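The values are calculated or read from the model by the stated rules, or taken from the named source; none is laboratory data. In this text, all values refer to a predicted model and were calculated from it rather than measured experimentally. Ideal geometry is used to build each Cβ from the backbone, glycine not excepted, and the neighbour counts take in all protein chains shown.
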Amino acid sequence: MEESLEIFNQITQDLLKDEKTNPVARHIPSAELYETLDLGLNEDPMEDAAFSESLKELVFSTPRTSTNAFFNQLFGGRNGKAILGDLLAVIMNNSMYTYKAAGPMVGVEKTILRKVCDMIGWDHNADGTFATGGSMTNFMSMLMARDAFNDKIRKEGLAQKLTVYTSEESHYSIPKNAAFSGIGRENVRYVPTDKFGKLIPAELESQIKADIANGYHPVLVNATAGTTVLGAFDPIKPLAKICKEYNVWLHVDGAYCGSVLFSKKYKHLIDGIEEVDSFSFNAHKMLGTPLTCSIIVAKNKKYLHDSFSNDASYLYQTDHDDFNLGKTSLQCGRRNDALKFWTLWKSVGTKGLETMVDHQFNLADVALDYIVDNDDYKVYSYPDSISICFNYKDIPARNICTALYESSELLVGYGSFDGEEFIRLVTINVQNGPEDILQFFKQMETFVSEHEDQLNRLTNA
Ligand SMILES: *Cc1c(COP(=O)(O)O)cnc(C)c1O
């Protein structure tokens with residue numbers, strides 16, 4: 001073990017140093033991957049030195065998602081305290097299903113969940129759990145909605161036509177989960193959004209009415225706090241009213257931006273959150289913990305228990321259900337995703353988490369201010385979003401993004417809304433300052449000016 005830790009320290013130190021001058025790893029075309037790196041597995045063991053060298057090369061060739069040149073996805077940066085927690089979780093290697101196997105780590109997880117429920121304004125009937133990501137916490141919400149509608153489904157299977165509602169801009173895990181849950185992809189209703197990408201409540205209500213008239217049973221409305229492309233927030237309060245009237249479960253998918261819960265200034269974006277049935281958010285997105293750290297909380301913990309508990313006498317042998325977290329989780333063996341969030345929260349305090357969230361919106365303002373005043377840019381995004389969407393000099397977004405990637409310059413992605421495709425710059429890395437955002441634009445502009453011919457050729461191709 002000591003030897004492996006030494007290798008770990010050496011590679012990590014070298015990587016952190018190299019990232020300062022080379023924030024983007026050299027791009028390896030996928031077609032050349034197996035010829036470029038030594039990935040093969042052999043019959044014979046490897047010499048220690050060669051092993052370390054090979055491992056280092058692999059690490060150095062891997063996309064550098066934590067640097068100031070990565071804007072491609074909804075995560076980024078590195079928080080030392082959160083990483084410390086995650087490294088310790090790996091060393092200890094507990095499984096979170098029972099108090100017998102996880103001990104105080106159960107308390108770590110429960111403390112986070114309690115605190116989140118308190119911040120929402122929920123009493124001791126509320127509880128939650130961690131799952132492997134936002135797709136899976138969304139899945140849990142769908143299962144609870146299904147079982148809350150009819151608790152016989154768990155035993156007998158589906159015999160009724162159920163429908164779920166989500167906006168056209170919502171995450172693709174919703175139709176995936178509809179397939180997993182037996183509800184069926186075709187029974188997902190995509191509710192239109194307004195020009196800001198927010199779900200239109202009146203459209204939801206008329207769709208629900210039409211479905212009921214046609215013999216369907218609406219079971220779930222999925223609202224999004226931070227849509228994947230525009231970063232839009234669906235209006236929770238009017239949705240809660242409709243859900244109450246038709247007795248439908250309301251879940252808020254806050255995987256991307258649900259962490260505004262931690263900010264006094266931006267919490268209004270999820271106004272009405274206390275009225276929903278369940279809420280999920282990814283601490284590995286806005287709060288910058290390592291992947292993955294996804295939390296779901298339910299206003300009434302009975303539903304968590306009803307949908308996810310199963311007796312298992314070989315597992316649950318001591319302590320009360322409240323301390324045996326396997327009774328409310330999707331998985332059986334479950335890694336300790338709570339500790340990294342706890343080490344972060346413990347070290348910076350709730351105020352520190354608030355500062356992180358606010359900083360991301362400040363960076364978004366810096367980006368937006370820069371492009372709205374510049375005639376070369378066309379802006380597609382709106383305030384109160386940390387996704388800055390734009391086009392530059394009318395060059396197709398995908399051409400710029402792909403060329404930047406293939407030239408190992410910057411990692412940024414593109415998205416589309418309302419028939420327009422654009423670059424999406426995500427200001428989620430809290431280690432970045434305004435200068436990093438301005439540097440992004442400068443670097444992209446220089447790149448475009450040096451490659452304008454090529455970028456336009458790509459357009460015509
Ligand atoms: C990222 C995201 C998800 C999925 O979360 P994973 O942890 O990647 O599974 C779901 N919904 C929204 C809105 C997201 O941004």
Considering each residue of segment 286-304, count those that are in contact with a helix residue (DSSP H, G or I) (Cβ under 8 Å, 6 or more places away or on another chain), part of a helix (DSSP H, G or I) and either within 16 Å of the ligand (Cβ to nearest atom) or among the charged types (D, E, K, R) (or both), and give that number.
1
In segment 165-186, residue farthest from the ligand (Cβ to nearest atom) [restricted to those that are crowded, with 19+ Cβ neighbours inside 10 Å and farther than 19 Å from Leu330 by Cα]
Tyr165
Pairs under 7 Å by beta carbon, first residue on the phi > 0 side of the Ramachandran plot in segment 130-144, partner within 8 Å of the ligand (Cβ to nearest atom) and of a type in the set (Ser, Thr, Tyr), six or more apart or different chains?
Gly133/Thr292; Gly133/Ser294
On the basis of being of a type outside the set (D, E, K, R), away from the ligand (no atom under 16 Å from the Cβ) and part of a loop (DSSP other than H, G, I, E, B), does Ala148 make the cut?
no
Val90 being outside any strand (DSSP E or B), β-branched (Val, Ile, Thr) and surrounded by 23 or more Cβ atoms within 10 Å (Cβ to Cβ)
no
Suppose we keep only residues that are touching an Asp or Glu at 6+ places or on another chain (Cβ under 7 Å) and aliphatic (A, V, I, L, M) within segment 17-56. Which one would you say is surrounded by the fewest Cβ atoms within 10 Å (Cβ to Cβ)?
Leu37
Among (1) more than 15 Å from the ligand (Cβ to nearest atom); (2) assigned to a loop (DSSP other than H, G, I, E, B); (3) among the small types (Gly, Ala, Ser); (4) at pLDDT 95 or above, there is one condition Ala312 misses while meeting the rest; what is its number?
(4)
Hey, can you tell me all the residues within segment 222-273 that are more than 16 Å from the ligand (Cβ to nearest atom) and part of a helix (DSSP H, G or I)?
Lys237, Pro238, Ala240, Lys241, Ile242, Cys243, Lys244, Glu245, Tyr246, Phe262, Lys267, His268
In segment 202-221, how many residues are surrounded by fewer than 20 Cβ atoms within 10 Å (Cβ to Cβ) and part of a helix (DSSP H, G or I)?
10
How many residues does segment 104-129 contain that are farther than 21 Å from Ala82 by Cβ and either free of Cβ contacts under 8 Å to residues at least 24 places away in the same chain or of a type in the set (Phe, Trp, Tyr) (or both)?
4
Quick check on this structure: which one of Tyr377, Tyr414, Tyr405 is in contact (Cβ under 8 Å) with a residue 24 or more places away in the chain and not charged (D, E, K, R)?
Tyr405
Just checking, does segment 151-162 include any residue being within 30 Å of Val229 (Cα to Cα), surrounded by 23 or more Cβ atoms within 10 Å (Cβ to Cβ) and touching a residue at least 12 places away in the same chain (Cβ under 8 Å)?
yes
If Gly197 satisfies all but one of (1) within 15 Å of the ligand (Cβ to nearest atom); (2) not in a loop (DSSP other than H, G, I, E, B), what's the number of the condition it fails?
(2)
Is at least one residue of segment 130-144 within 16 Å of the ligand (Cβ to nearest atom), in a loop (DSSP other than H, G, I, E, B) and not hydroxyl-bearing (Ser, Thr, Tyr)?
yes
Keeping to segment 274-283, report how many residues are surrounded by fewer than 24 Cβ atoms within 10 Å (Cβ to Cβ) and within 12 Å of the ligand (Cβ to nearest atom).
0
